[in-house]
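Nothing in this text is a laboratory measurement; each read-out follows from the coordinates by a stated rule. Small disclaimer: the values here were computed from a predicted structure and weren't measured. Every residue, glycine among them, receives a Cβ derived from its backbone with ideal geometry; neighbour counts consider all protein chains shown.
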Amino acid sequence: MKYLSSAFLRNLPRLCLASLLLSATCAHAQTDASAPARQDLTVLQQQAQQFLKEQTASLPGSVTVVVDPVDTRLNLAACLEPQAFMPNGARLWGKTTLGIKCVAPSPWTIYLRANVQVISDYLVAAVPLSQGHTITAGDLTRVRGDLSTLPNGIMTDETQAIGRISVSAVRAGTPLRSDLIRSQRVVQQGQSVRVVSTGPGFQISTEARALTNATEGQMAQARTAAGQVVSGIARAGGILEINY
């Protein structure tokens, strides 16, 4: 039996330690290789930003989208096709919330906060408007501001308001909303109307008496001279339109 050299014996502890470290490194590498892939959170952040930009592309004025950073503590399985969506009740501007969900291979859903700023011109009453007033171009003026800080239904185009009627008194400087005005009535209860029935190859017109009020495009009812109650779409000039 040969004796081990003193130099070898002195280096033996170091060799053993190196061997242990190498074994641990290999085991860790094997564990990492077998672990499932994790979702890149940066991709989700970018997808949320792009989704909101696409959803708000039709809004008037200048739109700025800022999505809060994804929580870096999230540990999500990698997703083949993450899908962004707007939760029920969430609106597209102002402080809002959007979701991103994964269907496969492992289902998960997260929600992100965002702020969508919309700088645009909008309509305000240039003068006080009395209840029942028919709005003209002179009653309106334009103001520029952040629509996301205003109530829903803010009007941005004069054609949305001119010719319509204020449903209540409106102070000068009040932003015009869709719930503050209504369309002109084209059919009044009790008035004589003409019912026009149209179908393939025929058109029949008869006189009737309106039973309800209606604005342009609304459904209205009328009673014909024979006593029949019919329903049709109200049109300007006291016409009820029935299409078969």
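Each residue of region 164-178 is assigned a 3J(HN,Hα), and the resulting list reads 8, 10, 6, 8, 7, 5, 10, 6, 4, x, 6, x, 7, 10, 5 Hz, derived from the Karplus form 6.51 cos²θ - 1.76 cosθ + 1.60 (θ = phi - 60°), x at Gly and Pro.
Taking Cα centre as origin and charging only the Cβ of basic (Lys, Arg, +1) and acidic (Asp, Glu, -1) residues, the dipole magnitude of the chain rounds to 560 debye. Averaging the Cα positions of each part gives two centres, and for region 95-136 and region 212-244 these lie 36 Å apart. Taking a ≥ b ≥ c as the square roots of the eigenvalues of the alpha carbon gyration tensor, region 185-243 is oblate, as a/c is not under 1.5 and a/b does not beat b/c.
Taking every Cα-Cα distance in region 119-182 and sorting them into 5 Å bins from zero, the calculated P(r) comes out as 4, 21, 35, 26, 11, 3, 0 percent.
Pairwise Cα distances in region 71-199 exceed 25 Å in 53 percent of cases.
Working note: Cα gyration tensor of the chain, eigenvalues times five, square-rooted, sorted largest first, giving semi-axes of 72, 26, 11 Å. Considering only GLN191, GLN45, GLY153, and ranking their Cα positions along the charge dipole of the chain that arises from unit charges at the beta-carbon of Lys, Arg, Asp and Glu, the one farthest toward the positive end is GLN45.
Orientation-averaged projection of region 97-153 equals 6.6 nm² [convex hull of Cα atoms, one quarter of hull surface area].
Each semi-axis of the equivalent ellipsoid for region 41-118 is √(5λ) with λ an eigenvalue of the Cα gyration tensor; in descending order they amount to 23, 12, 11 Å.
Of ARG209, ARG73, the sequence from fewest to most neighbouring Cβ atoms within 10 angstrom is ARG73, ARG209.
A helix-only calculation puts the chain at -6500 deg cm²/dmol for mean residue ellipticity at 222 nm, using -39500 (n - 2.57) for each DSSP H run of at least four residues, averaged over all residues. Taking 0.36 nm per residue of separation and subtracting the current Cα-Cα distance, fully stretching the chain between ASP71 and LYS53 would add 4.4 nm.
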